[in-house]
Amino acid sequence: MITAVSAEALALDRGGRRLFEDLSFHLRPGEAIALTGPNGAGKTSLLRAIAGLLRPAAGQIRFASAQGPIEADEARASALHWLGSADGLKGSRTAAAELRFWSEWTGESPVRLSGRGGPERSGPERERTTLDSVLDALGLTSHAHTEVRRLSTGQRRRLALARLLASFRPLWLLDEPLAPLDARWRTRVGEMMHAHLDEGGLIIAAVHDTLPIGARELRLEPA
Amino acid sequence: MSARRPTPLLALFLRDMQLAWAGGGGPLLAGAFYLGVAALVPLSAGASPERLAAVAPGLAWLVLALASLLSLERLFEPDWEDGALDLLAQGRAPLAAVAAVKAAAHWCATGAPLALLAPAAAVALGAPVRIAGPMLAAALLGGLAFAYLGAIGAALSLGARRGGLLIAVLVLPLLVPPVIFGAAAVEAAAHGGPWLPSLALLAAYALLAVAAAPFAAGAGLRNALG
């Protein structure tokens with residue numbers, strides 16, 4: 001269970017260009033960072049670097065648990081949920097099948113947060129209930145057996161967000177999580193993020209609008 | 001993890017099998033290509049039974065290699081394009097395991113059906129019926145080698161324009177041994193000779209590919225993400 005993410009003197013290059021340098025931050029449980037900045041400032045690249053999908057040009061990204069520092073690879077494999085602008089959902093499969101696959105892929109975090117009731121994984125029956133309740137929380141129950149390609153843009157984004165709830169992982173990296181959602185769902189997803197922070201989760205989100213949660217702003221300026 | 005819950009890698013295997021057949025694209029296209037080329041051979045090489053019977057085993061084997069190569073271009077590309085590879089990289093399984101499972105699913109969905117067509121095509125072209133067994137075995141093992149070696153090319157060519165061409169150039173040299181061993185086994189069977197030694201060499205090469213290729217393909221996938 002990771003409890004802290006930090007960056008020290010981080011610099012990122014993209015396409016042979018320096019995006020930013022000497023960036024540092026420290027994020028503790030229950031905290032959120034809103035990454036802001038103009039297009040091309042490196043918000044997505046920073047998220048990709050934290051997720052291990054992009055190698056930093058300089059600097060370090062560290063993960064720590066209550067017991068001390070943990071290996072970045074281990075943290076990424078077990079404690080991190082990624083929500084990119086490309087959602088990785090397959091058009092020819094049903095919403096329920098895709099959600100089930102990704103919840104199996106990300107699995108359960110090995111160390112549970114103390115005091116968190118959370119979804120119990122005692123068998124297929126219980127698991128189905130969990131996935132049903134996740135679909136219900138995102139208003140997708142009536143679309144569970146719809147092919148993903150027939151979902152609207154907003155419904156599709158809600159299905160991608162459903163993955164965050166289907167298996168518990170403490171660190172959420174979100175790239176424009178609210179963009180295609182209407183006002184009502186922005187509020188609901190904001191509540192979802194609140195609940196995650198209350199459980200000791202950590203959120204880093206790239207946004208253009210303000211996040212509906214109390215988040216510290218980290219503004220990226222082109223170098 | 002309870003025994004009834006599929007492991008992540010099994011879930012990935014089942015997902016890929018379903019995706020391969022749901023679109024109808026991969027296996028059916030490769031199969032149609034295979035049968036189409038086999039049907040064109042008598043028209044281009046001449047329809048005399050003696051000549052066809054002489055080239056049938058070799059041709060059936062060659063077309064199998066080409067059909068496998070044709071279908072490999074899309075092994076990782078869809079997942080890379082739509083962001084699924086980013087998510088697969090955040091699982092407990094390393095990318096080498098992802099590559100191994102995806103190649104295995106590709107072999108089951110596309111390689112095995114093609115292998116079933118190979119003896120039928122060879123016999124239809126006039127090869128003796130006794131080659132059907134060795135041909136099927138060689139096609140199954142050869143397809144396994146093609147899938148795993150092709151995965152290296154498919155991973156390395158991600159993001160490159162004309163990726164299919166790059167796969168062919170990268171992978172073709174690696175396909176030489178299985179083509180030689182497989183064709184030798186089928187040729188020996190056609191003449192009633194001992195075909196097991198060549199088949200054993202082919203099996204050894206296929207197993208080497210299964211064991212080693214996923215690491216190279218996994219490194220290629222990691223590189224494509226950055």
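The values are calculated or read from the model by the stated rules, or taken from the named source; none is laboratory data. No experiment lies behind these values; they were computed from the predicted model shown. Cβ atoms come from the backbone with ideal geometry, glycine included; neighbour counts cover every protein chain shown. In case anyone asks, the SASA skips ligands and DNA or RNA and just uses the protein heavy atoms, side chains included. Shrake-Rupley method; radii C 1.70, N 1.55, O 1.52, S 1.80 Å.
Structure summary
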item	result
Dipole moment magnitude, nearest 20 debye, chain A about Cα centre, only Lys, Arg, Asp, Glu C-beta charged	480
Three principal axis lengths of the range A:2-86 [C-alpha, angstrom, descending]	38, 26, 21
Average partner coverage of A:85-95, which counts Cβ from other chains inside 10 Å	5
Sorted peptide list for A:83-96, A:203-216, criterion being average Cβ within 10 angstrom, highest first	A:83-96, A:203-216
Shielding of B:86-98 by partner chains, average beta-carbon count, 10 Å	5
Percent carbon-and-sulfur accessible area, the range B:83-218, ignoring ligands, DNA and RNA, probe 1.4 Å	78
Quotient of C-alpha Rg and 2.2 N^0.38 Å, computed over chain A	1.01
Positions from the range A:29-67 whose accessible area shrinks by 30 Å² or more when the full protein complex is built, not the chain alone, probe 1.4 Å	A:Arg48, A:Leu53
Which of A:Ile61, B:Ala89, B:Leu9, positive extreme of dipole for the protein assembly as shown (C-beta unit charges)	B:Leu9
For peptides A:184-192, A:144-152, B:120-128, sequence by mean Cβ density within 10 Å, most packed first	B:120-128, A:184-192, A:144-152
Built amide H within the under 5 Å cut-off of A:Leu12, gap 5+	A:Leu19, A:Phe20, A:Ala57
Average beta-carbon neighbours from other chains, 10 Å sphere, peptide B:7-17	3
Residue-normalised accessible area of the protein assembly as shown, expressed per residue, 1.4 Å probe, Å²	42
Principal axis dimensions, the range B:79-162 - Cα atoms, whole angstrom, descending	51, 30, 17
Computed E for A:Ser24/B:Leu172 - FRET, C-beta separation, R0 51 angstrom, nearest 0.05	0.55
Selected from B:Gly36, B:Gly150, B:Gly26 as most flexible by GNM, with chain B as the system and alpha-carbon contacts under 10 Å	B:Gly36
Rg/Rh (Cα only; Kirkwood hydrodynamic radius) as it applies to the protein assembly as shown	1.06
B:Ala54 paired with B:Leu29, simple spin-label distance in nm, labels 7 Å along Cα-to-beta-carbon	3.6
Accessible area buried at the B-A interface, both sides summed, 1.4 Å probe (Å², nearest 100)	2700
Relative packing of A:73-79, B:48-54, which averages over residues the other C-beta atoms within 10 Å, highest first	A:73-79, B:48-54
Acute angle (nearest 10 degrees) that the helix A:153-166 long axis makes with the longest principal axis of chain A, alpha-carbon atoms	90
Inter-part distance where the range B:161-193 and the range A:54-80 are each reduced to a Cα centre, Å	44
0 to 90° range, to nearest 10: angle between helix A:95-106 axis and chain A longest Cα axis	50
The range B:199-226 versus the range A:200-223: alpha-carbon centroid distance in Å	41
For A:Ser65, residues with placed amide H under 5 Å, excluding near neighbours	A:Thr3, A:Ile70
Base-10 log of normalised Debye intensity for chain B (one unit scatterer per alpha-carbon) at q = 0.07, 0.10, 0.14, 0.17 Å⁻¹	-0.23, -0.46, -0.84, -1.14
With Cα atoms, 0 to 90° folded angle of helix B:132-156 axis to chain B main axis	40
3J(HN,Hα) from dihedral phi, the range B:61-73, Karplus parametrisation 6.51/-1.76/1.60, rounded to Hz, x for glycine, proline	6, 5, 5, 4, 4, 5, 5, 5, 4, 4, 7, 6, 4
